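Data first, discussion second: the structure below is written as structure tokens.
None of the figures in this text is laboratory data; all of them are computed from the coordinates on show. These numbers were taken from a predicted model, which means no experiment stands behind them. So basically every Cβ, Gly included, is an ideal-geometry build from the backbone, and we count neighbours across all protein chains shown.
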Amino acid sequence: MIRVVHVIRSLHHSGTARQLALLAARLPRDEFEVQVVTLESGCEQEAASPFSAAPRSVGRRMRFDPAALWRLRRMFAEFQPHVVHAWEGTAHNFARLALGKSRNRRLVATETHCRSLTRLERWFEQRLIERTAWMIVGSPALAEACSKAGFDRVWLIPWGVEPPPERPFDRAAELSAFDIPADARVAGYVGELTRERRGRDLVWGINLLSQITSRVCLLAMGDGSEREKLQSFAREIRREEFVRLPGEGDGRGAMRLFDLYWSMGDEESPSSALLESMAVGIPAIVSDTPAHRELVIDGETGFVVGVGDAVGLAQFSDRLLADPERRRAMGEAARARALAEFCADRMAETHAELYRSLAAEIGE
């Protein structure tokens with residue numbers, strides 16, 4: 001039995017948490033024993049159903065919390081994992097510190113971006129980099145960025161997605177829950193509202209689109225440092241009636257309300273939410289970044305516009321809203337591409353191969 005500990009900041013409405021849930025549900029339980037550890041408290045049970053054991057938390061209270069680090073070390077000592085899999089930077093650093101120096105490198109880390117480091121961060125990274133056996137990334141562009149940053153042990157595993165569940169759907173009632181008129185067309189977004197995600201472009205895009213057709217609304221599901229600023233911006237330009245920013249919630253469920261999916265950020269790794277919207281059958285209009293181009297085929301499953309091009313965003317949106325048949329065909333093409341090229345079963349099997357190879361390398 002191969003014992004795997006997953007360390008993640010939180011299980012609360014994030015793309016990495018969703019990927020972890022998809023992975024855990026598909027690892028053979030007669031071969032892998034899985035324990036999930038969250039850094040933050042309060043949401044351990046939210047995604048508990050895919051896991052063979054209930055997630056545990058180290059209760060981190062600050063950015064660097066020695067007590068939480070000590071608790072994580074105790075959990076590693078108790079579980080004796082063959083593999084530790086950390087999800088993104090904060091969890092990665094905690095796991096490296098908790099494991100300490102060892103001749104057996106059993107740590108792998110999924111990273112979704114490769115940002116520039118400060119001098120202090122570079123010093124810290126140089127002293128800990130050897131503790132990580134493999135860096136897992138979801139896109140060739142990010143793999144190249146990690147390689148240029150000096151980390152050459154990179155394992156490319158594209159994000160996975162599964163077909164959305166079939167369940168009764170009352171569009172008018174669900175729109176009403178967000179105070180959206182029953183006949184409105186919805187441009188949707190799911191994810192963090194941070195500066196990097198360029199939410200201001202989404203608000204400005206709905207401002208332009210609403211001047212062409214008044215029966216539209218932006219529904220952006222998620223929270224973040226920019227959410228209140230975006231609400232203020234919508235009020236400043238007198239377009240608050242066309243903007244809904246409800247905060248955290250069931251983003252995947254809300255996707256059924258979307259007629260279009262918008263993503264204007266400049267992220268380096270493919271968006272799990274964008275991929276899931278494709279699986280639902282929603283055409284996307286996205287900014288021109290390598291990560292977006294890996295998912296969206298321009299003119300076939302959606303449209304690609306320049307970063308910051310809110311005019312193009314509104315123009316292509318108007319074109320698709322005015323042509324339901326083309327919108328449906330693009331949505332079907334998006335769904336077919338997502339389920340064929342980004343299969344969750346294939347993603348899980350590739351992770352399993354990595355875990356097996358690492359367990360064999362350390363001879364346990």
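At a threshold of 8 angstrom on Cα-Cα distance, excluding pairs fewer than six apart, so keeping six or more, what relative contact order does the chain reach in percent?
It comes to 16 percent, rounded to a whole number.
What GluC sites (Glu not before Pro) in the range 134-178 are in a loop by DSSP, with at most 14 other Cβ atoms within 10 Å of the Cβ?
Hits after loop and neighbour filter: Glu166.
At what distance in nm do the modelled label points of Ala336 and Asp266 sit from each other, each positioned 7 Å from its Cα along Cα→Cβ?
Once both label points are built, they end up 3.5 nm from each other.
Let me make sure I get this right: for the range 233-329, a, b and c are the square roots of the gyration tensor eigenvalues over alpha carbons, sorted descending. Under 1.5 in a/c it's rounded, otherwise prolate if a/b > b/c, else oblate. Which is it?
It is rounded, given that a/c, with a ≥ b ≥ c, falls under 1.5.
Note down the relative contact order for the range 205-364 as a percent, whole number, built from C-alpha pairs under 8 angstrom at least six residues apart.
Value for the range 205-364: 20 percent.
Where the only charges are on Cβ atoms (+1 Lys, Arg; -1 Asp, Glu), what is the dipole of the chain about its Cα centre, to the nearest 20 debye?
1160 debye
Please report how far the C-alpha centroid of the range 160-188 lies from that of the range 202-225, rounded to the nearest whole angstrom.
16 Å
Between the alpha-carbon centers of the range 284-312 and the range 15-42, tell me the distance in whole angstrom.
Measuring centre to centre over Cα atoms gives 31 Å.
Evaluate the distance, in nm, between pseudo-label points positioned 7 Å from the Cα of Phe64 and of Ala182 along their respective Cα→Cβ axes.
If labels sit at Phe64 and Ala182, their model points lie 5.8 nm apart.
Once you order the gyration tensor axes a ≥ b ≥ c over the Cα atoms, which shape class does the range 168-312 get: rounded for a/c under 1.5, otherwise prolate or oblate by comparing a/b with b/c?
Rounded.
Using helices alone, what [θ] at 222 nm do you get for the chain, with -39,500 (n - 2.57) per DSSP H run of 4 or more residues, divided over all residues and rounded to the nearest 500?
Helix-only estimate at 222 nm: -12500 deg cm²/dmol.
Measuring from label point to label point, each 7 Å out along Cα→Cβ, what is the Arg29 to Ile362 span in nm?
Simple spin-label model gives 2.4 nm for this pair.
Give the longest segment of the chain that steers clear of chymotrypsin sites (Phe, Trp or Tyr not before Pro) in DSSP loops with at most 11 neighbouring Cβ atoms within 10 Å, not counting the sites themselves.
Counting only loop sites that pass the neighbour cut-off, the longest clear stretch is 170-364.
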